[in-house]
Amino acid sequence: MHGKVLKPFHQYRRVVVLTGSGISAESGLKTFRDNDGLWENHRVEDVATPEAFERDPAMVHRFYNMRRAQLLGGVEPNLAHLALAQFERAFDGEFLLVTQNVDNLHERAGSQNVIHMHGELLSAKCAACEKQWACSVDLSVNSVCEQCGTQGQVRPDIVWFGEIPYCMREIKHTLRDSDLFVSIGTSGVVYPAAGFVREAEYAGATCVELNLEHTGNPHFHHSFTGAASTLVPQYFS
Ligand code: APR
């Protein structure tokens with residue numbers, strides 16, 4: 001850690017927060033690299049890919065149907081999600097929340113300006129016409145696109161490994177204008193999200209990490225460790 005004394009929040013004008021699965025862990029949603037990131041003995045990296053969907057769409061649908069049902073079956077936002085929404089309401093500068101998570105816990109906690117760069121569990125997409133729509137039901141190889149009527153081309157609206165995350169132009173533009181960048185609950189191993197801290201640092205922003213463990217990324221000026229539901233309310237109070 002070096003330089004960049006933390007200032008009172010009202011002295012910042014443009015805050016960007018990046019979240020990862022660690023912020024939803026205490027709501028009961030598994031992170032990606034806990035328990036070796038396995039699901040039904042598949043590596044998640046082997047399920048969340050266009051190739052897996054091409055090879056075994058039913059298996060990929062089963063994976064996301066299970067996660068969608070879990071999200072809809074009683075998972076609640078935790079104090080970290082609520083603290084971020086409260087900060088956004090109280091902050092009089094510009095605020096952007098970029099999440100790698102595909103759950104809707106930030107929105108349910110009251111966050112407004114949210115970008116889901118890796119897509120959303122509660123959204124479906126047609127691989128034929130690219131239409132996206134809100135979806136809270138199981139998808140299958142028999143699902144029909146609401147727009148073009150094609151059957152068998154409906155996929156979870158998730159950005160898979162090898163695909164381009166959503167809203168990258170907007171995210172990079174906002175990072176270049178930021179003066180505070182806070183990363184919460186992410187291991188910082190998957191790009192392009194893992195590179196955001198360098199863009200913020202290059203823009204002159206103060207870069208802060210709130211995580212269960214130090215990631216050792218040298219581009220953070222400050223790194224605080226602890227569980228998100230304790231650390232995030234403390235930091236944003
Ligand atoms: N509070 C704070 N941090 C936590 C908590 C918690 N309760 N529990 C775990 N963490 C931290 C872990 O220490 C780890 O650094 O959250 C981080 C989770 O890291 P990953 O499992 O790698 O998840 P994430 O960084 O979100 O993965 C990024 O990779 O698999 C892809 O697309 C997927 O969006 C995902 C991306």
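The values are calculated or read from the model by the stated rules, or taken from the named source; none is laboratory data. In this text, all values refer to a predicted model and were calculated from it rather than measured experimentally. Positions of Cβ are backbone-derived with ideal geometry, glycine not excepted, and every protein chain shown enters the neighbour counts. Each accessible area value is taken on the protein alone, full model and side chains, heavy atoms only, with ligands, DNA and RNA left out. Shrake-Rupley method; radii C 1.70, N 1.55, O 1.52, S 1.80 Å.
Structural remarks
- Wholly enclosed strands (runs of 3 or more DSSP E) of region 178-237 bearing at least 2 residues buried (at least 18 other Cβ atoms within 10 Å of the Cβ): 180-184, 206-211
- Residue list for region 158-173, restricted to those being more than 19 Å from residue 67 (Cα to Cα) and not in a loop (DSSP other than H, G, I, E, B): 168, 169, 170, 171, 172, 173
- Looking at 51, 45, just one residue is open to solvent by 20 Å² or more (accessible area, probe 1.4 Å) and over 19 Å from the mean Cα position of the chain (by Cα), and that residue is 51.
- Residue list for region 115-157, restricted to those being open to solvent by less than 60 Å² (accessible area, probe 1.4 Å), part of a loop (DSSP other than H, G, I, E, B) and in contact with a helix residue (DSSP H, G or I) (Cβ under 6 Å, 6 or more places away or on another chain): 139, 140
- Positions within region 114-123 being under 13 Å from residue 19 (Cβ atoms) and of a type outside the set (A, V, I, L, M, F, W, C), in sequence order: 116, 118
- Region 209-229 residues that are touching a residue at least 12 places away in the same chain (Cβ under 8 Å) and on the phi > 0 side of the Ramachandran plot, paired with ones that are open to solvent by 40 Å² or more (accessible area, probe 1.4 Å) and near the ligand (Cβ under 6 Å from one of its atoms) (beta carbon under 8 Å, 6 or more apart): 226/212
- Output for region 182-225, where each listed residue is out of contact with any Leu (no Cβ under 7 Å at 6 or more places or on another chain) and near the ligand (Cβ under 7 Å from one of its atoms): 185, 187, 188, 189, 190, 211, 212, 213, 215
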